[in-house]
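These notes are about the structure you will find just below.
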Amino acid sequence: MLTTRGWTLREILIVAVLGAVFGILYLAWVQVWLIAQAIFGAVTMDVVMGFWFIVSIIAAAIIRKPGAALLSEVLAALVQVLLGSPAGLLLLVTGLVQGAGAEAVFAATRWKNYRLPVLMLAGVGAAIASFIYTWIRFDYGALAPGLLVTMFVLRCLSGAILGGFAGHFVVEALYKTGVLSGLKIDHERRLQRA
Amino acid sequence: MSAAFSVPEAAPAVAWREVAVRYPYAANLAVGPVSLELRKGERLLLLGPSGCGKSTLLGTITGLVPATIPAEITGEIATLGVPAASRSPAEWSASVAQLFQDADQTLCGMTVGDEVAFALENRALPADEIATRVDRALAKAGVPESWRARRTAALSGGERQLVALAAALAQEAALFIADEPTAHLSPDAAARLHAVIGGEGETFLVVDHRLDGLIGTIDRVAVIGRNGALFAEGSPRDIFRARGEVLAAEGIWRPLAADLDRLLCGIGIVLERPPLVLSEIIDGLNRLSPADRTAAGTVIRHFLSDRIAGPTASTRPSCATLVHAACAPLFAKPVLHDISMEIGPGETVAILGRNGAGKSTLGATLAGLLRLKGGTRTGPAGGFAFQRPETQFTEGSVRAELESIVGKDAASIDAILSAWRLENVADQHPFELSQGQKRRLALATLTADTRWPFLVLDEPTAGLDAAASNEIASRIAKIAADGRAVMVITHDMDFALKTCSRGIVLDGGSIAADAPLIDLLRDGELLASAGLNAPELLLLVDWMEAVPC
Amino acid sequence: MLSMLHPLPKLIVCLVWLAASIAVFDPRFQAGIVVLSALAMIVIERRSPLLILALMIPFALFGFGFLTTATLFREESDFATRMAAETPFGSPAFSAGIVLFLRAIACGMVSAVFVLTTEPGRFIKALMANWHLSPRIGYALFSALHLVPDLASEAQQIRLARAMKRGRVPRRLPGPLETASLVVPLLAFAIRRANRAAIAMEARGLGTVSVRTIVGAPRLRPADASFTIVALALLAVLFILTSGVWRAW
Ligand SMILES: Nc1ncnc2c1ncn2[C@@H]1O[C@H](COP(=O)(O)OP(=O)(O)OP(=O)(O)O)[C@@H](O)[C@H]1O
Ligand SMILES: Nc1ncnc2c1ncn2[C@@H]1O[C@H](COP(=O)(O)OP(=O)(O)OP(=O)(O)O)[C@@H](O)[C@H]1O
Ligand SMILES: [Mg+2]
Ligand SMILES: [Mg+2]
């Protein structure tokens, strides 16, 4: 049962509630970003961006099945739209792109490896995907190459740290609360330890 | 998929053969090995001390354990003649209705109407049939029509349990399983539930700690011991007399009558038919010779003095006072108006009232946890044991939970653990405990904390077995003797009588009575209008007063 | 009453309004949307004007960042200018920051109209009945939608429990540090709730089979058509009035 590819109802429900909680947190994070931007200026968005990838990393690390990263990120976007994000429906596309970026990294490990480096890489994956997306959307071609490189590096770092590393931290904390018992993450950890 | 199953007629409703369950990576078995049969049309009561694995065993009937709640199972389970694992838990819902110990496990957070219809919708029954079945179930459970559009998340603890009952009844399944269905129900609602179980036809499997009122409807009792193995089964009358000593040692509830019968047997007064209710004992006593009656009287006086709290005189100044207070649940409109009361040092007060009367709201307000919507509150904050014990847990293990109160002193932690029989689960996560263990842990942390000038215990006995119930009763007495105060919110009139000297009855959004508890419980008119029942024990008190001996 | 309407046409109308408020970069248009949705809540739904004002606070806070960059620093944040450049119906005469500020409120209010007048249960039922949403996904979404309002009361319960252990009553509003410390417990609560809901739903027969009766699914009525027409017409009028198209005639 623990090794099935199909999703159990419990797993579907967990991804749904994770999406809901992070939808709210993402909205709050927009506020943090805007304030920081007022103080630090242009590249702030790239610095704080990583947090908006975190749910895909957490969901993937918990559920450990194909699609978890993508689904949770899209759901979080949906919740934000329903709660009234000023970015509106475009947010769904953003969610889709970011989720796909993280999912691609997990797919590359054939959904088998969820150690910290992979989680951080998934954050970078989401960062790259979102960079391509914003490039097209905001016509980055017009920017100076030096600035572009800075932005890209900052965003990848942010994805690795605010997405991957912080996601790992949250997963560890959640694991300690015992709510993940019986899920694939629990099973694999106990096997490792044994 | 509903009626398509053909069931071999002779097969038992459920048969466990050498079943043992172990939760993932746990050192000990959660239950077993158990071999037991539930026959068709039978009403079986499963008894056992808290934590012995009753809920786990019930979970195996429809395969929820291990399909949704991961565990390793050995042995064979046949439900309605076929292996339990041959169908998914969802497929079993057409023939098995399950009322979980925790109402939140039965309810999905919809409106009351949707919640009750949910199982029927999943079986794709026609809409008009669903409507009639929902109406029938709501009426049977006593859920008022006006609740239909309310969300289950905004109901009181007992109201939720009532809706869960209606949702399970609506399934109209051949096999009805109820895990502590009355733990949060007020006496009138509990009586309705007992009437349902007493009804003809279906097969019932019930686990409960509160036996009075239930035991008369039961055909057979099976008892699981602390070690998780089945050690007795038989008719209720035989079990309680023949195995009374063992049951007491295991900390298992027995009906009051069985308890008294044991004492009377000890002095040689043996009623011909083992009694289940006190009225049977009184009938028997009335037929005794005067000499025997005197002897019995002595025993009974002792029996009563253990079970009725003596009066306490409160000394001023009071611990906490409410004046013209309007009390409201979290994020809701006030449900209690113009409440004026105070609680003084050394007092023990029982708060009584029907489900949804506002007891929890009053308790949390008095403890200083909820803000008033009007009026004033004076006095320091008090400790509050939440009705849902999980609300209290903030740490990662049972031991850490205690350490957060007592400090790292290993000796005193071990003392608490063994007093509450939690030593075997000390390193388990608080959320992976059985319901009774959760309640014990919550009470243990609260009573170990000596900072509180007064404590409010919300339904402390829900889910507790006899041993733990005695433990909390003696702690309450000790706290009161220390000059602190305790408020007990409870539906268990016998427990109230045992621990409290003063009583407050809530009804209609305000305090209907505030007087010595024993006086309140003898006021039939008040009890009837507030949805309460007199405790069975009062029959005996009345008998003692009427028959001088 | 907006809450009596079929959720799906209402959803589509709200999405069109949202799309319009993103496509039109004009403070008058945004302000018009805010006023219209507030009026709808006050007049049709009979919500108190105070509540509506209170509702606008988080959205206003949300938009505040745009405003501060625009006014305090006398320059537009690059995000704001980029957004301005992106929209088809932009009017360069106005500060992009102010438009974005109003747009945040406008989008927020339109969503609020939908969310506050739509019961999640009805919404999910409509999705399952009309758009063939799978029941398992449907009820997962349903749980997620119900979780959002319940998080606040759970957060409060956690704060109460902690305050009790420390022996004093919690402050009325949590500070930033306390808020951060609530994240993991709230996530744990959400997952625990998902675990329980999974048990509750499976025990009552929510399986993989998608044939099921839907009791009380909303039905389309003439009122839905009138609502859709009126709402879209209002939007068109607002656009014509604010964009100055009418002057061309
Ligand atoms: N999810 C779980 N994970 C690990 N252990 C568990 C889990 N649930 C219960 N247990 C343990 O299994 C044992 C049996 O629990 P169970 O809930 O079946 O007891 P119970 O007889 O129903 O008790 P109670 O009367 O208190 O409800 C307990 O020791 C408990 O700590
Ligand atoms: N979160 C809530 N939102 C709205 N109403 C609520 C909420 N919680 C409780 N209520 C209502 O407030 C009233 C009092 O609830 P309270 O929990 O105090 O009852 P109670 O006396 O403790 O009942 P019980 O014996 O069932 O635990 C009930 O009618 C209940 O429906
Ligand atoms: Mg149990
Ligand atoms: Mg209560």
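The values are calculated or read from the model by the stated rules, or taken from the named source; none is laboratory data. Remember, it's a predicted structure, so these values are computed and weren't measured experimentally. Here the Cβ positions follow ideal geometry from the backbone for every residue, glycine too, while neighbour counts run over all protein chains shown.
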Flag for B:Gly503 being of a type in the set (Gly, Ala, Ser) and in contact (Cβ under 8 Å) with a residue 12 or more places away in the chain: yes
Counting only residues that are in a helix (DSSP H, G or I) and touching a strand residue (DSSP E or B) at 6+ places or on another chain (Cβ under 9 Å), how many does the range B:148-175 have? 9
Residue satisfying condition, being under 28 Å from C:Leu51 (Cβ atoms), within 7 Å of chain A (Cβ to nearest Cβ) and surrounded by fewer than 23 Cβ atoms within 10 Å (Cβ to Cβ), within set C:Val184, C:Val148: C:Val148
Please work out if B:Asp104 is within 16 Å of ligand 3 (Cβ to nearest atom), facing chain C (nearest Cβ under 7 Å) and of a type in the set (Asp, Glu). yes
In the set C:Ala40, C:Ala23, the lone residue that is within 14 Å of chain A (Cβ to nearest Cβ), aliphatic (A, V, I, L, M) and out of contact with any His (no Cβ under 8 Å at 6 or more places or on another chain) is C:Ala23
So B:Asp261 ticks every box in (1) surrounded by fewer than 17 Cβ atoms within 10 Å (Cβ to Cβ); (2) acidic (Asp, Glu); (3) at negative phi but one. Which box is left unticked? (1)
Enumerate the pairs (first residue in the range B:366-392 and facing chain C (nearest Cβ under 8 Å) and in a strand (DSSP E or B); second residue anywhere and crowded, with 20+ Cβ neighbours inside 10 Å and of a type outside the set (Gly, Ala, Ser)) with beta-carbon separation below 6 Å, excluding pairs fewer than 6 apart on the same chain, so at least 6 apart or on different chains. B:Gly383/B:Leu446; B:Gly383/B:Trp452; B:Gly383/B:Leu455; B:Phe384/B:Leu369; B:Phe384/B:Val456
Can you tell me which of (1) at pLDDT below 90; (2) within 16 Å of ligand 3 (Cβ to nearest atom) is the one B:Ser404 doesn't meet? (2)
Suppose the filter is away from ligand 4 (no atom under 16 Å from the Cβ) and among the aliphatic types (A, V, I, L, M); does B:Ala462 pass it? no
Can you name every residue in the range B:416-463 that is touching a strand residue (DSSP E or B) at 6+ places or on another chain (Cβ under 7 Å) and within 16 Å of ligand 3 (Cβ to nearest atom)? B:Ala442, B:Glu459
Which residues, taken from the range B:403-427, are within 16 Å of ligand 1 (Cβ to nearest atom) and away from chain A (no Cβ under 14 Å)? B:Leu417, B:Ser418, B:Trp420, B:Arg421, B:Leu422, B:Glu423, B:Asn424, B:Ala426
Here are some conditions: (1) assigned to a loop (DSSP other than H, G, I, E, B); (2) within 30 Å of B:Pro255 (Cα to Cα). B:Lys438 meets all but one. Which one does it not meet? (1)
Checklist (1) within 13 Å of chain B (Cβ to nearest Cβ); (2) in a loop (DSSP other than H, G, I, E, B); (3) farther than 28 Å from B:Leu175 by Cβ applied to C:Gly207, failing item: (3)
Taking into account only those residues within the range B:234-251 that are aliphatic (A, V, I, L, M) and either surrounded by fewer than 21 Cβ atoms within 10 Å (Cβ to Cβ) or in contact with a Cys (Cβ under 9 Å, 6 or more places away or on another chain) (or both), which is farthest from B:Leu45 (Cα to Cα)? B:Ala249
Under 22 Å from the mean Cα position of the chain (by Cα), away from ligand 2 (no atom under 16 Å from the Cβ) and outside any helix (DSSP H, G or I), is that true of B:Arg421? yes
The one condition B:Leu362 fails out of (1) buried (at least 20 other Cβ atoms within 10 Å of the Cβ); (2) assigned to a strand (DSSP E or B); (3) more than 8 Å from chain C (Cβ to nearest Cβ) is (2)
crowded, with 22+ Cβ neighbours inside 10 Å and touching a Cys at 6+ places or on another chain (Cβ under 9 Å): does that describe B:Leu402? no
Might you let me know whether the range C:163-179 holds any residue that is touching a residue at least 24 places away in the same chain (Cβ under 8 Å) and either within 14 Å of chain A (Cβ to nearest Cβ) or surrounded by 16 or more Cβ atoms within 10 Å (Cβ to Cβ) (or both)? no
Matching residues in the range B:169-208 - criterion: being within 16 Å of ligand 3 (Cβ to nearest atom) and within 24 Å of B:Ala496 (Cα to Cα): B:Asp179, B:Glu180, B:Pro181, B:Thr182, B:Ala183, B:His184, B:Val207, B:Asp208
Residues located in the range B:441-462, provided they are at negative phi, assigned to a loop (DSSP other than H, G, I, E, B) and either within 16 Å of ligand 1 (Cβ to nearest atom) or within 14 Å of chain A (Cβ to nearest Cβ) (or both): B:Pro460, B:Thr461, B:Ala462
Which of the residues belonging to the range B:434-463 are closer than 26 Å to B:Leu47 by Cβ, in contact with a Gly (Cβ under 7 Å, 6 or more places away or on another chain) and away from ligand 2 (no atom under 16 Å from the Cβ)? B:Ser434, B:Gly436, B:Gln437
Out of the range B:437-468, which residues are β-branched (Val, Ile, Thr) and modelled with pLDDT under 90? B:Thr450
Pairs please, first residue from the range B:152-175 and under 13 Å from B:Ala117 (Cα atoms), second anywhere and β-branched (Val, Ile, Thr) and within 16 Å of ligand 3 (Cβ to nearest atom), Cβ atoms under 8 Å, 6+ apart in sequence or on different chains. B:Ala164/B:Thr106; B:Ala167/B:Thr106; B:Ala168/B:Thr106
Subset of the range C:210-233, residues more than 14 Å from every other protein chain (Cβ to nearest Cβ) and buried (at least 16 other Cβ atoms within 10 Å of the Cβ), comes to C:Asp224, C:Phe227, C:Thr228, C:Ala231
Can you tell me which residues in the range A:137-174 are under 30 Å from B:Pro24 (Cα atoms) and either touching a helix residue (DSSP H, G or I) at 6+ places or on another chain (Cβ under 7 Å) or away from chain B (no Cβ under 14 Å) (or both)? A:Gly164, A:Phe165, A:Ala166, A:Gly167, A:His168, A:Phe169, A:Val170, A:Val171, A:Ala173, A:Leu174
Here are some residues: B:Ala117, B:Ala84, B:Ala94. Which one is of a type outside the set (Val, Ile, Thr) and closer than 19 Å to B:Arg17 by Cβ? B:Ala84
Single match in B:Ala195, B:Ala191 (criterion: out of contact with any helix residue (DSSP H, G or I) (no Cβ under 9 Å at 6 or more places or on another chain) and either farther than 27 Å from B:Gly358 by Cβ or surrounded by fewer than 22 Cβ atoms within 10 Å (Cβ to Cβ) (or both)): B:Ala191
Taking B:Phe331 and the conditions (1) within 14 Å of ligand 2 (Cβ to nearest atom); (2) in contact (Cβ under 8 Å) with a residue 12 or more places away in the chain, which numbered condition does it fall short on, given that it satisfies the others? (2)
In the set B:Glu459, B:Glu395, B:Glu401, the lone residue that is in contact (Cβ under 8 Å) with a residue 24 or more places away in the chain and over 25 Å from B:Asp179 (Cβ atoms) is B:Glu395
